[in-house]
Structures are given as structure tokens and as C-alpha cells.
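Reading through the C-alpha cells given below for one structure.
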Amino acid sequence: MDFFSDLLNAMPGALAQGLIWGLMAIGVYITFKVLDLPDLTVDGTMCTGGAVCIMLMTHGVNVWVALVVAFVAGLAAGALTGLFHTAMGIPAILAGILSQLALYSINLRIMDDKANQAINPDNYDLLVSLRDVRQLAADNPILVGLLFTAVIVALLYWFFGTELGSGIRATGANPNMSRAQGINVGRNKVLGLMLSNGIVALSSALYAQYQGFADVNAGRGAIVIGLAAVIIGDVLFARIFHNFALKLVAVAIGAVIYYVVLQIVLTLGLNSNDLKLFSALVVAVFLAVPYWKGKAFRGRAKAIPAGKEGAPHA
């Protein structure tokens, strides 16, 4: 009985975190699924957005302005990775690693060479705060997370339906054919990386407000959580969600499911030091599911003799 009461008590926080990280996962989806690029920049950008937002707010900047500047900082981080990859010919995964390393020092500079910068909800007008997660109010982090998710999904659905957005999708689907059709593949890769990291930085800004501080290690392992959300959403909803907007919603739901499962495991008594191991195992299992399903399907297909498929209907 204590397990269910503890779980119920912790569930609002899990839902709020899942929705905020779901925005980050949508950013990962753009590079991982749309552009078909492995981008590790997000481990650095997931700190950059929060650091920029918290530092601006503690210096008197309006929260909405701070969010916009955090988004722009994410765009810049994505542009750096994109230029490493397209202008310098560095493989995408290495370009992301280089940007991530550079961002660690940049993030420290943003936070005045401190590893952690706190913000007090009593002194600043935050959009989301952990202390409001159980309140039935307009500033409840769950409601705010749902609103931001709906707006981001709607904007991305519109953007990827434009000529520029369609070009980015075509670049990820088949860069050689896109190039043959006169599409600027390099530019589209840079734009896609910028958009992805901008959304990640926006998520980071919200998450820093939610937990009340920005930390230089906040993004460590973020790519694993993002991939987990993308894969969980794809495995569970791929057969029923075919519209692009619904695929983005599936990613957000995947992040919520990830955090709910994580909370269940923590409530059962998992050592918090094992969270990274658990995250890696979750991603590995969900990545393996499509392979296992395909292997099982091929096995059944081989077990049916040729010409026998229609026998029962003869």
C-alpha cells in the first residue's frame, strides 16, 4: 500500500518532467529521424538554454525574453555543429562531440565560472516551478508543459509543410536525390541542426526554472533520454500515428512514459546511482524491438511453404 501511495504522490512530478523533456526529445527527433543525423550536441545544449535563461532572469530580464534568448543560443550551438559538419567535412557524430566539448566551457563562462546557478521562485516570476506541480492552477508545470508541447508541435507541423521544411525532410530521406533536384543539402542540414538545438535549449530553459537552478552537468546523458523517448514513441505508436504532427506527439508521450517508468522503478527501490544504466538498458531494449519483430516475422514467413498462403481460402 505504501508503494502505491508513494507512486501516486510522485506521479505529478514525473508527468511534469516527462513533458518538459518531451520538448527536448522532439528536438532530438528532428536530427535522429528527420535529418537522419546522429547529433550529440544536445548534451551541451541542454545546459546552455538553462544557463542563459537563469543568468538573464537573475539580472532582471523578463522570463519570456530570457526564453527567446535561450532559444537563440540553442540555434547558435546547432549552427556550430552544422558548420563543423558541412563546411569542414567533419562527420556529424564527431562534429556534435566537438560542439558538446566547446559548450562545456562556454556554459561555465555563461554562469560566471560557477558549476551551478540557483534562482529563487519567491523572488522571480517563473513560468514553471517544482513547488507548483500539485496545485490546480494555470501555472502548474503539467499544464504549462502541455501548452508548450502543443504550440511547438503545431509550429513544426506548419514549418515542415513549407517548401523549406519539405526540403529539410527530403535532405534527410535521400540527400543524393535532393542534391540532384537542386536542393542545398548543406544548408538544410545546418538549418535542421539549428532548429533541433534551439528546441532543446528551450526545453532546458524550462527545466532549469522547474528545478530552480542551472547546472553545468544538466545535459550529461540527455541524448540517451531523448533517444529513449523517440524510440518508445516510435515502437508504441508507429502503426497508428502516421501524420507528422502525431509522430511528434508520440515522441512527447514517449518521454512521459519514460519518466513514469523511471518513477515506478525508483519507487520500487532502485539505487539512484543506477539510473544511467537503467536508461541505457531501456533504450537498448526499445531499439531491439523492431529488429526482434522483423526477425520473428521473417521466421514465420519461412515456416509457411510457398503457395500455401491462400490454401485456407481455396
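The values are calculated or read from the model by the stated rules, or taken from the named source; none is laboratory data. In this text the structure is predicted, and so the values were computed from the model without any measurement. Because the Cβ atoms are built from the backbone with ideal geometry, glycine has one as well, and the counts that use them run over all protein chains shown. Remember, those area values only see protein heavy atoms, side chains included, never the ligands or the DNA or RNA. Shrake-Rupley method; radii C 1.70, N 1.55, O 1.52, S 1.80 Å.
Quotient of the Cα radius of gyration of region 165-227 and 2.2 N^0.38 Å, N being its number of residues: 1.51. Projection of the Cα convex hull of region 1-105, averaged over all directions and equal to a quarter of that hull's surface, yields 9.0 nm². Taking each of 33/295; 114/189; 114/247 in turn, the alpha-carbon distance tops 31 angstrom for 114/189; 114/247. Name the longest site-free stretch of the chain, where the excluded sites are trypsin sites (Lys or Arg not before Pro) in a DSSP loop with no more than 10 other beta-carbon atoms within 10 Å. Free of exposed loop sites, the longest segment is 1-238. Over 27 Å, how big is the tail of the calculated P(r) for the chain, in percent of all Cα pairs? In whole percent, the long-distance tail amounts to 46.
Per the Cα gyration tensor, region 53-134 maps to an equivalent ellipsoid with semi-axes of 31, 13, 12 Å, ordered largest to smallest. Scalar couplings 3J(HN,Hα) for region 118-133, obtained by applying the Karplus form with A = 6.51, B = -1.76, C = 1.60 to θ = phi - 60°, are 9, 9, 8, x, 6, 9, 9, 8, 8, 6, 9, 8, 4, 5, 9, 5 Hz; x denotes Gly and Pro. Solvent exposure of region 53-99 amounts to 45 Å² per residue of accessible area, where only protein heavy atoms count and the probe is 1.4 Å.
Between helix 275-303 and the chain there is an angle of about 10 degrees, using the helix long axis and the longest principal axis of the Cα atoms. Rg and Dmax of region 146-286, both derived from C-alpha coordinates alone, stand at 17.3, 56 Å. Atom-type composition of the exposed protein surface of the chain places 65 percent of the accessible area on carbon and sulfur (1.4 angstrom probe).
The eigenvalues of the Cα gyration tensor, multiplied by 5 and square-rooted, give region 201-266 an equivalent ellipsoid with semi-axes of 25, 14, 10 Å from largest to smallest.
Backbone geometry of region 241-249 corresponds, through the Karplus equation with coefficients 6.51, -1.76 and 1.60 at θ = phi - 60°, to 3J(HN,Hα) couplings of 9, 9, 5, 4, 4, 5, 5, 5, 4 Hz, x marking Gly and Pro. Full extension of the chain between residue 124 and residue 270 gives 49.1 nm of extra length, using 0.36 nm per residue less the Cα-Cα distance. Could you tell me how many degrees, from 0 to 90 and to the nearest 10, lie between the Cα long axis of helix 141-159 and the main elongation axis, the longest principal axis, of the Cα atoms of the chain? For helix 141-159, the angle is close to 60 degrees. Placing unit charges on the Cβ atoms only, positive for Lys and Arg and negative for Asp and Glu, gives the chain a dipole magnitude near 1380 debye about its Cα centre. The 3J(HN,Hα) values that the Karplus relation (6.51, -1.76, 1.60; θ = phi - 60°) gives for region 220-225 are, in residue order, 5, x, 4, 4, 5, 5 Hz. Gly and Pro appear as x. Put simply, the amide H of residue 213, placed in the peptide plane, has neighbours under 5 Å in 119, leaving out anything fewer than 5 places away on its chain. Axis of helix 63-86 versus longest Cα principal axis of the chain: the two differ by about 50°, to the nearest ten degrees.
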